[in-house]
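Encoded as structure tokens, the structure appears first; notes follow it.
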Amino acid sequence: MKRSLLPTRRSNNERAILSLIRQCETLPKAQIAKALSLSAQAATVNINKLEEDKLLLRDAPVKGRVGQPSVPFRLNPDGAFSFGLKIGRRRFDLIVIDLQSTQRASVSVEVNVPNIDELKAFLKTNIPRLLRELGCDLSTRVCGLGVAMPFDIWHWHAENPEQQAQLLEWQHFDLKTYLETEFELPVYISNDNNAACCAELSLGNRQNYSDFLYVYLGAFLGGAVVINRQLLEGKSGNAGAIGSMLNAQHEQLLTLCSLLELQKQFDAAQLNLSVYQLTDSQFKEHYALILPWLKKAAEAISVAMHHSLSLLDMQAVVIDSPLPKDALDVVRQLTLEAFARLDSRGLRLCDVSVGVCGEKAQSIGSAQLALSHHYF
């Protein structure tokens, strides 16, 4: 089925309305107009257009007040869809989300190293299948494919020369052109941690922080920066690369708290456990083994927090990871303790909280890229 690479991009007012409703879940027309400083007529025209294009749905009128009953509007989950692809160190994840950011389908494959040929085979099988599962009508509402991946994959170290050669192939592979040509969808590529931060902005941020440092404890330590509720990408899309920060010993922080290193500890202890699928009960059972690694991670995060506060005076640090919630709660407390041991004269302590998306953050964030480009 031939599809256009140029889905309709909504006007600024329409995007503002969609974003506001996404944040509040449901809102009547009068409150939308007031919140966005729109005239009643402008709000009506834009809402009618969004409703006509099946992006908004009307809820039942709310009665019991003076005047006409108000009619709340909400996002139509079937109004638009997006693919999200995460290219990770050990796995490819492909998901489909709807306009309400609800995951509709997902498929994953474990890999020894991110191999271009394996990725092509994975996508050629699964993108057409997921489109068929959506059905003819809804599949036409897929607005694009977002990709979350580490930049400069070819700089990673592999376990053997063959795998290293496979990594080097990425240096000259035009992923965006390949995907758009093969699947006839607009493609949006982002640093994997920026994508994870987009997921936190869309589905988390329960304290409604406007400025924060986002920290992701994944295969390697990474991060992102949010200013005025907007992701700060920098000139090359690499802002917030806290893993590259140096500690007092001039070591990059990412070397101190890699989940790959924790996995090696599990393997050395002959534990049949995956760091990416660790449960709270397994974490408690093996707490003594994991705690030294958590302390290293907390020390690295505290250094990144110190550097970031000195530059940006942020409201918060938000920590997320594939690790279970109990582990993240320990990391949060250890980070506060590690920060308290640093010389922080002249700085103001910020909040430290835990993210909500966990292991799926980068995948969900990748799918948000296309929706955000067209609708929010």
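Couple of notes before you dig in:
- Of all residues in the stretch 179-195, those being open to solvent by 40 Å² or more (accessible area, probe 1.4 Å) and either under 18 Å from residue 236 (Cβ atoms) or among the polar types (S, T, N, Q) (or both) number 3.
- Positions within the stretch 38-89 being surrounded by fewer than 19 Cβ atoms within 10 Å (Cβ to Cβ) and either in contact with a Cys (Cβ under 8 Å, 6 or more places away or on another chain) or of a type in the set (A, V, I, L, M, F, W, C) (or both), in sequence order: 40, 42, 45, 57, 60, 62, 66, 71
- Residue within the stretch 157-166 that is among the small types (Gly, Ala, Ser), out of contact with any Leu (no Cβ under 6 Å at 6 or more places or on another chain) and open to solvent by less than 80 Å² (accessible area, probe 1.4 Å) present: yes
- Residue check for residue 116: touching a residue at least 40 places away in the same chain (Cβ under 8 Å) and surrounded by 18 or more Cβ atoms within 10 Å (Cβ to Cβ): no
- Taken over the stretch 199-257, the criterion of being of a type in the set (Val, Ile, Thr) and open to solvent by 40 Å² or more (accessible area, probe 1.4 Å) is satisfied by 227, 255.
Residue-wise test of (1) open to solvent by less than 70 Å² (accessible area, probe 1.4 Å); (2) acidic (Asp, Glu); (3) within 30 Å of residue 55 (Cα to Cα).
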{"site": "315", "(1), (2), (3)": "no, no, no"}
{"site": "335", "(1), (2), (3)": "yes, no, no"}
{"site": "340", "(1), (2), (3)": "no, no, no"}
{"site": "345", "(1), (2), (3)": "no, no, no"}
{"site": "348", "(1), (2), (3)": "no, no, no"}
{"site": "351", "(1), (2), (3)": "no, yes, no"}
{"site": "354", "(1), (2), (3)": "yes, no, no"}
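- The stretch 272-308, residues that are exposed (fewer than 15 other Cβ atoms within 10 Å of the Cβ) and under 27 Å from residue 109 (Cα atoms): 272, 274, 277, 279, 280, 281
The values are calculated or read from the model by the stated rules, or taken from the named source; none is laboratory data. Small disclaimer: the values here were computed from a predicted structure and weren't measured. Virtual Cβ from ideal backbone geometry, glycine too; neighbours counted across all protein chains shown. Areas reflect the complete protein model, heavy atoms only, side chains present, ligands, DNA and RNA absent. Shrake-Rupley method; radii C 1.70, N 1.55, O 1.52, S 1.80 Å.
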